1. Would you list A:R34, A:R23, A:R50 from fewest to most Cβ contacts within 10 Å?
2. Would you mind calculating the relative contact order of the stretch A:22-117 from Cα pairs under 8 angstrom and at least 6 residues apart, reporting the percent as a whole number?
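No value in this document is a laboratory result; all are computed from the given coordinates. Remember, predicted model here, so these are calculated numbers, not experimental data. Glycine also receives a Cβ, built like all others from the backbone with ideal geometry; neighbour counts cover every protein chain displayed.
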Amino acid sequence: MLSPAYRMRRSGEFAAVLRWGARSRRGCLVVHARSGLTGSQPHLGLIVARSVGNSVTRHRVTRRLRAQLAARLAALPPGTGIVVRALPEAATASSAVLGADLDAALPAALGRRADRRR
RNA sequence: CGAGCCGACCGGGCGGCCGCGUCGGGACGUAUUGCGGGUCCCGCCGAGGAAAGUCCGGGCUCCACAGGGCAGGGUGGUUGCCAACAGCAACCCGGGGUGACCCGCGGGACAGUGCCACAGAAAACAGACCGCCGGCGAAGGCCGGUAAGGGUGAAACGGUGGUGUAAGGGACCACCAGCGCCGCGAGUGAUCGCGGCGGCUCGGUAAACCCCACCCGGAGCAAGGUCGAGAAGGUCGCGUCCGGUCUCCGGACGCGGCUGCGCAGGCGUUCGAGGGCUGCCCGCCCGAGCCUGCGGGUGGACCGCUGGAGCCUGCCGGUGACGGCAGGCCGAGAUGGAUGGCCGCCCCCGGCGCACCCGCGCCGGGACAGAACCCGGCUUACAGGUCGACUCGUCCG
């Protein structure tokens, strides 16, 4: 589970990452990444919209994604904002599939962030 | 044993590793102290029978509230239960079932208005398409009588038999069905039973308007409140985008209205500006502030927040819903939103393979669904399972 110190809580933070960050889609996930935020740790946020399913399904996807993200915290540079959006196909994906999609999308988004900064 | 019917209950279990939230305790550490916050450790607890739909009823909060009338909304057999209800119980009536039992948006259609498709001559009270009878005519036919017969329809001038008649008709008679009135009896009552009388016969629809009886202020915890900050913000509406627990609501940006703040100007204080009675009118009340123009800027923390019409057990009253008494128990409180993630074993179901059988192995599946202020109901969804009462049929004694 994700420690509360890493959670994104303000609507403004979400808007900043979605608007200015780099985007990368892999499988059933879209990862937004933005550098230069304050703090010594990464900031993580999840978006699981109603199109994914009913409340039980959305909650299950959220919990699985949180667990997968917690296992990958060490790979994220400090001060990075990450927002993961789940697409409707995520409703039927297992944790293994979600983890694989994250492993594919996270480096892509982070690399594109580096490109944009140049 | 088979079939059925009603009610109550459960709705995966055990373990390992890694985690999250509230509360309690402890350690470290910031700080002059205190308040408060941070990190770590330990302990307790941590989704549902529907948490769902948001359809009713309450508690709670804010706003409003002299009184009367109109409009609007809701309910609808009776008697009870309940804080209340559109809920529940028992009973009544009507319908279904051999039965246990089930079903019913159950006031009024002589207060009035409207509607009744298609078919049919005719659909609600007047009328005769065929037929029947009488009269006239050479005849086609015309005039009159007639609801017994035909055909249509969900429904057609009560039904059967007789008297009577030109033919017929409650025109008359007997019985039956239905309606109304009266009396007696039973019941708190809805209603039921019995007897008599009447005219002889009147359709349905009120989930059409309507009438009758009774009840009803509005918005909702993102209600509302406290503190902080500060040149004070608050609130409402619209548009675009994003989001949530998505009929509702939040966030970002933009525009506009009202009020507040700062500045400027004007009007007014019993000669009364301006308001209120959350739909309208009568009527009544408050009343010292109000109007116009210009201007800048903010959105954090906490309370509400969970101990209550609470749950369990026993006894008593009641046919029952339920009530009373005694003892015991504390069982979630998040806020980008905790209550979990991964794995193993067991249980149930299905398929395949092996096997004489007992079984064994592999694969797949195990529902509906996630608290958001709290209760009482209703409705809807749901894999599988447990227990009990009762009914019908068959067999045995």
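1. Ascending Cβ contact count within 10 Å gives the list A:R50, A:R23, A:R34.
2. Over the stretch A:22-117, the number comes to 48 percent.
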